[in-house]
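Take a look at the structure below.
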Amino acid sequence: LYVLIFFFQAEDGIRDVERSRGLGDVYKRQVHGDSIDMEKKSYRPISNSILEAVGNTPLIRLNKIPKEEGVECEILVKCEFMNPTGSHKDRMAQNIFEEAEKAGKLKPGGTIIEATGGNTGLSLSFVAALRGYKSVIVATSHTSQEKVDLMKGYGADIIKAKNTLFKGPDGLLALSQRIHESIPDSYLTLQFENMAGPLAHYNTTGEELFEQTGGKIDYFFMAMGTGSTISGTGKKLKEKIPSVKVIGCDPVGSLISQPDGKGTYVPVKTEGVGLNFVPNTCDKKVVDDWMLSLIHI
């Protein structure tokens, strides 16, 4: 689960925030301490497809943890697990299909192929099923059985790799390329290179956060996978809030957070983070600082 975490500096007293989800009427909320008084509430209209439920996720204030840890600033979390498949990858997946269809790279009834630690495969196989495509997912050896079962439920063919490495002759990307070459009318979605990923977060996640906070964000924290979320969201926030600081969260031993992207790679046990290369979708110029954690195998 990827959680977007923010340190949020609120003004003193009552602050009115105009907010629109783009769905129904605009409503106001008054913020005074921990209380929120709704003057008018808006509800989603009937959706024509579950894909319309992607994005517009809640932003929630943490109360207990900051108090217990003695944190004096306000901490907000973006609940991306409330997207249809349970992660922010739904945003990227939807945009990957839309951009590929516009460019004529996807043929009707064709097959998409992706190498994944889990969440991207879930999102892509989900969107593929809804849009009438087949999917082949190359999963790491650590991808959970629950995610494999869900992807199969969406109609995906699953190939479980023997390792967690993406790059290299025995890596998941090389295996995906070989499968692509063997299937006519197939399309490699390439989450680590496809710029539809950062664009999705630039257009949606960044905009949502700016609107939900009224532009009052001091720090934006994001875990590093493909780097699409931090790159797209961070770029939009920096355009709108020049003072914001973007912090990348990465395991010790991952090469993404290394200054030159080189060094000794150490595998980690958490899905989706800790890569042995720096993806093209990761714009490290957006990142102001790094926080490293120990989650080794």
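When all C-alpha to C-alpha distances in segment 126-245 are sorted into bins of 5 Å, what percent of pairs does each bin hold, rounded to whole numbers?
Calculated over all Cα pairs of segment 126-245, the distribution is 2, 10, 15, 16, 17, 14, 10, 9, 5, 1, 0 percent.
Kindly identify segment 104-185 as rounded, prolate or oblate by the Cα gyration tensor criterion: order the square roots of the eigenvalues as a ≥ b ≥ c, call it rounded if a/c is under 1.5, otherwise compare a/b with b/c, prolate if a/b is larger, else oblate. Write out the running numbers ahead of the final one.
Details: a/c = 2.38, a/b = 1.21, b/c = 1.97.
Taking the square roots of the gyration eigenvalues as a ≥ b ≥ c, segment 104-185 is oblate.
Starting with the highest mean, order 235-248, 177-190, 88-101, 267-280 by the number of other Cβ atoms within 10 Å, averaged over the residues of each peptide. Kindly include the intermediate steps, with their values, before the conclusion.
Values: 235-248: 17.4, 177-190: 15.8, 88-101: 25.1, 267-280: 19.6.
In decreasing order of mean packing, 235-248, 177-190, 88-101, 267-280 become 88-101, 267-280, 235-248, 177-190.
With θ set to phi - 60°, apply the Karplus curve 6.51 cos²θ - 1.76 cosθ + 1.60 along segment 73-90 and write out the HN-Hα couplings as whole Hz, x wherever there is a Gly or Pro.
Listing the rounded values in order: 8, 8, 10, 10, 10, 8, 8, 6, 5, 8, 6, x, 9, x, 8, 5, 5, 4 Hz.
How long are the semi-axes of the equivalent ellipsoid of segment 59-125, taking √(5λ) for every eigenvalue λ of the Cα gyration tensor, in whole Å from largest down? Don't jump to the answer; show the numbers that get you there.
Values: eigenvalues 280, 28, 14 Å².
Its equivalent ellipsoid spans semi-axes of 37, 12, 8 Å.
As I understand it, the value is the acute angle between the Cα axis of helix 228-240 and the longest principal axis of the Cα atoms of the chain; what does it come to in degrees, rounded to 10?
30 degrees
Distance from a point 7 Å along Cα→Cβ of Lys160 to each backbone N in segment 125-152: keep the residues under 13 Å and list them by number.
Only 139-150, 152 pass the distance filter.
Per residue and in cubic angstrom, what volume does the convex hull of the Cα atoms of the chain have? Kindly include the intermediate steps, with their values, before the conclusion.
Values: hull volume 42.0 nm³, N = 297.
With only Cα atoms used, the chain gives 141 Å³ per residue.
How many percent of the accessible area of the chain is carbon or sulfur, using a 1.4 Å probe? Intermediate values should be presented prior to the final figure.
Values: 7600 of 14480 Å².
On the chain, the fraction of accessible area on carbon and sulfur atoms equals 52 percent.
Residues of the chain: accessible area per residue at 1.4 Å, in Å²? Display every interim value, and only then the final one.
On the way: 14480 Å² over 297 residues.
Spelled out: the 1.4 Å probe surface of the chain, per residue, equals 49 Å².
With no solvent and one point on each alpha carbon, what is the Debye value of log10 I(q)/I(0) for segment 179-297 at q = 0.11, 0.22, 0.23 Å⁻¹?
-0.41, -1.17, -1.22
Could you list which residues have their amide H under 5 Å from that of Tyr187, counting only those 5 or more apart in sequence or on another chain, with H placed in the peptide plane?
When sequence neighbours closer than 5 places are left aside, the close amide H contacts are Thr111, Ile112, Ile113.
Please report the accessible area of Cys73 (heavy atoms, 1.4 Å probe, ligands and nucleic acids excluded) in Å², nearest 10.
50 Å²
For segment 199-252, what does the alpha-carbon gyration tensor say about shape, rounded, prolate or oblate, given a ≥ b ≥ c as the root eigenvalues, a/c under 1.5 as rounded, and a/b over b/c as prolate? Each step should come with its number before you reach the end.
Numbers: a/c = 2.20, a/b = 1.41, b/c = 1.56.
Taking the square roots of the gyration eigenvalues as a ≥ b ≥ c, segment 199-252 is oblate.
The values are calculated or read from the model by the stated rules, or taken from the named source; none is laboratory data. In this text, all values refer to a predicted model and were calculated from it rather than measured experimentally. Positions of Cβ are generated from backbone atoms using ideal geometry, with glycine treated the same way; all protein chains shown enter the neighbour counts. With ligands, DNA and RNA removed, areas are computed over all heavy atoms of the protein, side chains included. Shrake-Rupley method; radii C 1.70, N 1.55, O 1.52, S 1.80 Å.
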